[in-house]
Amino acid sequence: MNKMIMAAVAALCVCGCSQNNDDAIKMITEATFPPYEFLRGQEIVGIDVEICRAIAQKLGKKFQCETVDFDSVIPAVISGKADLAAAGITVTEDRKKNVDFSIPYVTTGIVVVYSKSNPYTGPAQLKGKRIGVQGGTTSETYVLEQLGQEPERSRSPAEAVAALKAGRVDFVIADIDPAKNCVKGENDLAISDFVTSEDYAIAIKKGRPDLLKIIDETIAEIKSDGRLAKWVAEFTAEADSLKNK
Ligand code: GLN
């Protein structure tokens with residue numbers, strides 16, 4: 001896991017794609033979010049990468065991918081540095097003010113990660129506790145808005161869970177899939193049921209209806225032809241096997 005975290009802070013990684021090319025479709029992501037995006041060595045891989053690669057293919061364009069901190073993902077499409085923001089991004093009313101979202105490709109949500117020596121009993125228990133989250137995420141918003149307190153911010157779900165293991169926070173809130181990956185093989189850790197229901201979608205700069213149409217068509221296709229389900233199974237297995245190394 002440490003290897004994954006260290007590699008993930010590398011500023012720029014290519015995903016087995018083309019060199020810098022103005023004609024390419026550029027994806028921006030945050031590669032500490034298995035199985036949606038994570039590093040296989042230096043290569044960014046995962047469900048979101050395959051979705052965006054399929055969009056680039058449909059457009060007949062080359063494909064590039066870069067990883068930045070989660071806070072910088074949406075700003076990168078607003079500024080035009082990237083075309084597609086895909087990082088397990090939850091559709092929220094706030095974000096809709098700044099970007100356009102595709103149709104959702106998965107419905108999921110956040111969960112509480114806890115130590116079995118301090119079992120989680122329900123939301124009331126979180127009040128006044130030290131809660132670890134990845135900065136800029138809907139987990140952060142949950143702590144700020146639903147619990148009315150400041151969270152302890154980390155750069156990745158794995159870093160937040162490392163703080164839980166070290167006793168620096170009492171609970172972690174994170175999206176279920178990276179949370180499951182983090183607790184894999186950790187006998188003292190467990191996750192709660194869903195705390196929220198959230199949809200993931202691809203975010204793009206406002207005012208690009210032609211691009212949005214192609215993205216929506218691609219998502220509909222990969223859902224109906226089984227590609228999305230196949231990627232979910234494959235990348236979940238790969239991320240879990242990397243976790244156990
Ligand atoms: N789904 C969460 C959000 O959109 C977390 C995404 C992430 O950390 N990559 O805020």
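Matching residues to (1) under 15 Å from the mean Cα position of the chain (by Cα); (2) more than 16 Å from the ligand (Cβ to nearest atom); (3) outside any helix (DSSP H, G or I); (4) modelled with pLDDT of 95 or more:
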position	(1), (2), (3), (4)
Tyr120	no, yes, yes, yes
Lys129	no, yes, yes, yes
Ser139	yes, no, no, yes
Val143	no, no, no, yes
Glu150	no, yes, yes, yes
Glu159	yes, no, no, yes
Gly167	no, yes, yes, yes
Asn181	yes, no, no, yes
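Val169 fulfils the conditions (1) surrounded by fewer than 20 Cβ atoms within 10 Å (Cβ to Cβ); (2) in contact (Cβ under 8 Å) with a residue 12 or more places away in the chain except for a single criterion, (1). If you go through the stretch 181-193 one residue at a time, do you hit one that is farther than 19 Å from Pro35 by Cβ, touching a residue at least 40 places away in the same chain (Cβ under 8 Å) and buried (at least 17 other Cβ atoms within 10 Å of the Cβ)? Scanning the stretch 181-193 turns up at least one residue that is farther than 19 Å from Pro35 by Cβ, touching a residue at least 40 places away in the same chain (Cβ under 8 Å) and buried (at least 17 other Cβ atoms within 10 Å of the Cβ). Considering the stretch 65-114, the residues that are more than 10 Å from the ligand (Cβ to nearest atom) and basic (Lys, Arg) include one that is farthest from Phe194 (Cα to Cα), namely Lys81. Of all residues in the stretch 197-215, one or more are in contact (Cβ under 8 Å) with a residue 12 or more places away in the chain, within 16 Å of the ligand (Cβ to nearest atom), more than 27 Å from Leu39 (Cβ to Cβ) and part of a loop (DSSP other than H, G, I, E, B). For the stretch 85-93, the count of residues that are surrounded by fewer than 23 Cβ atoms within 10 Å (Cβ to Cβ), in contact with a strand residue (DSSP E or B) (Cβ under 9 Å, 6 or more places away or on another chain) and either modelled with pLDDT under 95 or among the small types (Gly, Ala, Ser) (or both) is zero.
The values are calculated or read from the model by the stated rules, or taken from the named source; none is laboratory data. Given the structure is predicted, the values throughout are model-derived calculations rather than measurements. Note: ideal-geometry Cβ built from the backbone for every residue, glycine included; neighbour counts use all protein chains shown.
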